1. Report, by residue number, each residue of the range 49-66 that is outside any strand (DSSP E or B) and either without any contact (Cβ under 8 Å) to a residue 24 or more places away in the chain or more than 12 Å from the chain's Cα centre (by Cα) (or both).
2. Just name the residue that is nearest to residue 27 (Cα to Cα) out of those in the range 115-133 that are assigned to a loop (DSSP other than H, G, I, E, B) and over 18 Å from the mean Cα position of the chain (by Cα).
3. Return the residue satisfying two criteria in turn: it lies in the range 19-48 and is in a loop (DSSP other than H, G, I, E, B) and touching a helix residue (DSSP H, G or I) at 6+ places or on another chain (Cβ under 6 Å), and of such residues it is nearest to residue 72 (Cα to Cα).
4. Tell me, which residue of the range 49-72 that is surrounded by fewer than 13 Cβ atoms within 10 Å (Cβ to Cβ) and in contact with a helix residue (DSSP H, G or I) (Cβ under 9 Å, 6 or more places away or on another chain) is farthest from residue 16 (Cα to Cα)?
5. Test each condition in (1) farther than 30 Å from residue 139 by Cα; (2) at pLDDT 95 or above for residue 84 and report the one that comes out false.
6. If residue 52 passes every condition in (1) at pLDDT 95 or above; (2) more than 19 Å from residue 126 (Cβ to Cβ) but one, which one does it miss?
7. Would you tally the residues in the range 112-136 being more than 22 Å from residue 81 (Cβ to Cβ) and surrounded by 15 or more Cβ atoms within 10 Å (Cβ to Cβ)?
8. Could you tell me whether residue 87 is in a loop (DSSP other than H, G, I, E, B) and more than 12 Å from residue 8 (Cα to Cα)?
């Protein structure tokens, strides 16, 4: 029996494929993409058939990130009030994620040493998604 999982599911407006390819470039892994055309009745708009109905990225580090385009029949609101957090002990990997995520985005808090130790930074990526990246403080 598989345990339940908790994974970010990101909503986009006509940018899901591009964004999910970007995240594959950041984190690596296998990306599967299904379009609205593959699921008749999910949208009646012929212009939306090639948009992403569901995308799932599974990374070598065990992350699962999902996303989709919002069809025109549904209201789309830019994400607000939530951040995707990536943390761990591997400073090199986390700094690499930071560099790639910040490319084309805006840094809210530089990736640096916070008062509690380790490293921490916050940014909004080029697709409007907020991220927090943290290297755990050394345990003594």
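The values are calculated or read from the model by the stated rules, or taken from the named source; none is laboratory data. Source: prediction; values computed, not measured. Cβ sites come from the backbone with ideal geometry, for glycine too, and all protein chains shown count toward neighbours.
1. Of all residues in the range 49-66, those outside any strand (DSSP E or B) come to 49-51, 59-63.
Answer for the range 49-66, where residues must be outside any strand (DSSP E or B) and either without any contact (Cβ under 8 Å) to a residue 24 or more places away in the chain or more than 12 Å from the chain's Cα centre (by Cα) (or both): 49, 50, 51, 60, 61, 62.
2. Quick first cut of the range 115-133, residues assigned to a loop (DSSP other than H, G, I, E, B) only: 115-118, 125-129.
Checking the rest, the ones that are also over 18 Å from the mean Cα position of the chain (by Cα) come to 115-118.
On the way: 115: 27, 116: 26, 117: 24, 118: 21 Å.
Restricting to residues being assigned to a loop (DSSP other than H, G, I, E, B) and over 18 Å from the mean Cα position of the chain (by Cα), the top hit is 118.
3. Of the residues in the range 19-48, the ones in a loop (DSSP other than H, G, I, E, B) are 28-29, 39-45.
Remaining after also requiring touching a helix residue (DSSP H, G or I) at 6+ places or on another chain (Cβ under 6 Å): 42-43.
Details: 42: 11, 43: 8 Å.
Within the range 19-48, the match that is nearest to residue 72 (Cα to Cα) is 43.
4. Restricting attention to the range 49-72, the residues satisfying the condition of being surrounded by fewer than 13 Cβ atoms within 10 Å (Cβ to Cβ) are 50, 60, 62.
Remaining after also requiring in contact with a helix residue (DSSP H, G or I) (Cβ under 9 Å, 6 or more places away or on another chain): 50, 60.
Numbers: 50: 11, 60: 21 Å.
Of everything passing the filter in the range 49-72, 60 is farthest from residue 16 (Cα to Cα).
5. Just one mismatch for residue 84, condition (1).
6. Answer for residue 52: the failing condition is (2).
7. Applying the first criterion (more than 22 Å from residue 81 (Cβ to Cβ)) to the range 112-136 yields 112-113, 115-119, 135-136.
Now narrow it down to the ones that are surrounded by 15 or more Cβ atoms within 10 Å (Cβ to Cβ): 118-119, 135-136.
Qualifying residue count for the region: 4.
8. Working: in a loop (DSSP other than H, G, I, E, B): no; more than 12 Å from residue 8 (Cα to Cα): yes.
Considered against the rule, which asks whether it is in a loop (DSSP other than H, G, I, E, B) and more than 12 Å from residue 8 (Cα to Cα), residue 87 comes out as no.
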